[in-house]
1. Using the per-residue mean of other Cβ atoms lying within 10 Å as a proxy for protection, in what order, highest first, do the peptides 19-27, 41-49 fall?
2. Of the lysine pairs in the stretch 15-157, how many meet both conditions: Cα atoms under 26 Å apart, and a spacing of 8 or more in sequence or different chains?
3. Near the amide H of residue 168, under 5 Å away, which other amide H atoms are found, from residues 5 or more places off or on another chain, if H is placed in the peptide plane?
4. When all alpha-carbon pairs of the chain are counted, what percent fall beyond 20 Å?
5. Relative contact order for the chain: what is it in percent, counting Cα pairs under 8 Å that are at least 6 residues apart?
6. Dipole of the chain (Lys/Arg Cβ +1, Asp/Glu Cβ -1, origin at the Cα centre): which of 127, 27, 83 lies farthest to the positive side?
7. Take the Cβ-Cβ distance between residue 8 and residue 30 as r, set R0 to 35 Å, and report the resulting FRET efficiency rounded to the nearest 0.05.
Amino acid sequence: MGRKRKSSLECQNARKQSKDLHYFQHVGQERMKSRRRWRKNRGASEATLNAYESVDSLWASTFTGCRTNTGCQERVIAILQEVDIIGWDDVRPRCEKELLEAQELARDAEALLQSVTNLEGAYSDRLKTDCAQLVSRAQLWVVTEEQMIALMDQGQEVLDQALIEDKLVWQCS
């Protein structure tokens, strides 16, 4: 008995799904290439372009991938929900892993900031500002993870209460 052939609608949907997946996998890379070409055409040096690539990849490594604190609340709520389901003892190792990643990102961002302090030319001032923002965001991520672990060690209701009362470090910044 042979295989049943897919209908043309099923084939069309499969092709669309494949194209969408490919697009979402490569859209970030294409944006980085486009920004590099744009900066290069406006006079940025090769060192500045390379530093910008590092900044972009480090931004993508933050747990929200964005430059605001909007992802922090979703993360805390997700942790609280996960603790309700499987317990803090099973969630804590993952939070500690996130803390290690945040600390590594902060170290990388600080090293990048030190390396760009001597750059001159087009876009170098903006690059220094972007690096400083990245360092600030990475440090906030470290402090957020440390605070979340410390509060959860005291009990789930302590973190929940701090979230409700806007007393978490990212809510004050």
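Rule-based calculations on the coordinates, nothing more; no lab input. Note that the structure is a prediction, hence the values are computed from the model and not measured. All Cβ positions, even for glycine, are placed from backbone atoms using ideal geometry, and neighbour counts span all protein chains on display.
1. So the order, starting with the most tightly packed, is 41-49, 19-27.
2. Details: 16/33; 19/33; 33/128; 40/128.
Qualifying lysine pairs in the stretch 15-157: 4.
3. none
4. So the portion of pairs separated by more than 20 Å is 64 percent.
5. Details: 112 pairs, mean separation 43.0, N = 173.
Normalised by residue count, the contact order of the chain is 25 percent.
6. 27
7. On the way: r = 30 Å, r/R0 = 0.87.
That gives a FRET efficiency of 0.70.
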